[in-house]
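Asks: Mind looking over this structure? Questions follow.
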Amino acid sequence: MSHSAATPPLPQLRLVLAISLDGRLAPAGGGAAQFGGAGDRAVLEASLAWADGCLIGARTLRVHGTTCLIREPGLLARRAAQGRSPQPLAVVVSRSGQIAPTLPFFSQPLRRWLLQAADPAPLLLPVPPGFERRLELGHWAASLAELRALGLERLVLLGGAELAGALLSAQLVDELQLTLCPLLLGGPHTWLPAAALAAPSAWELVEHHDLGGGELLLRYRRPAALACAQREP
């Protein structure tokens, strides 16, 4: 991703997912996926420790009820030494802004913002219980620039597929971190909607290794993002 002098700086954005061998996020019948093992959990927590915030689609949050937290003591200690909060801030993306306050998510020890679609105008509405701030979602580049201006320089995108597709289509994702899990699930729940991309995009492999338990980490970066990433803190 290139940032010209006239363009507001954008956060680094890393999509982090565990997927089956046939590219599914969930079983054929739907519901929360529970197929990442210990190796996947470790690299997920490492990405959360890298991030200032994480983006979560409202539908994904409703299905799972919670978001992922950093548990590994070494990662928590490193964030504390850096003067950072134990957990990255959670930014929930929602059209309606209707998130059930009874979800366990609202009892998790983290800060929560709501990024809501501009229709109806969310800034005219009160901030829902459990969230400390509501932001208006317009064009994605402008919304990400606003998050960067508010201090979120590194973002992890945790899904779901519709949200990932929108950001990939807008060419705003800098890295893909995929854990390939040794399962075939079938069904319609692919990690990227069929109509998500307006044009093919090329990616550069920057890391791959065995996570144990048959899981394989694949990390790709958009080639145009390489120079930009070197300028980021």
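Asks: Would you work out what percent of the accessible area of the chain, with all protein chains in place, is carbon or sulfur (probe 1.4 Å)?
Replies: Roughly 58 percent of what the probe reaches on the chain is carbon or sulfur.
Asks: Sticking with this one: Over segment 1-133, what number does the Rg to Rh ratio reach, with both radii from the alpha-carbon atoms and Rh per Kirkwood?
Replies: Rounded to two decimals, Rg/Rh equals 0.98.
Asks: Of Leu157, Val173, Leu125, which is farthest along the charge dipole of the chain in the positive direction, counting Lys and Arg as +1 and Asp and Glu as -1 at C-beta?
Replies: Leu125
Asks: Of Pro101, Ala33, Cys68, which is farthest along the charge dipole of segment 27-102 in the positive direction, counting Lys and Arg as +1 and Asp and Glu as -1 at C-beta?
Replies: Pro101
Asks: Out of every Cα pair in segment 57-175, what percent are spaced more than 22 Å from each other?
Replies: Considering segment 57-175, 36 percent of its Cα-Cα pairs are separated by more than 22 Å.
Asks: Hey, what does the equivalent ellipsoid look like for the chain, semi-axes from the Cα gyration tensor as sqrt of 5 times each eigenvalue, largest first, whole Å?
Replies: So the equivalent ellipsoid measures 25, 22, 20 Å along its semi-axes.
Asks: Could you report the chain's accessible area per residue, 1.4 Å probe, as an integer in Å²?
Replies: 48
Asks: Highest mean first, how do 178-187, 26-35 rank when packing is the count of other Cβ atoms within 10 Å averaged over residues?
Replies: So the order, starting with the most tightly packed, is 178-187, 26-35.
The values are calculated or read from the model by the stated rules, or taken from the named source; none is laboratory data. As the structure is a computational prediction, the values presented were derived from the model and not from experiment. Note that we place each Cβ from the backbone using ideal geometry, even for glycine, and neighbour counts take in every protein chain shown. Accessible surface is based on the protein model in full, side chains and every heavy atom, while ligands, DNA and RNA are left aside. Shrake-Rupley method; radii C 1.70, N 1.55, O 1.52, S 1.80 Å.
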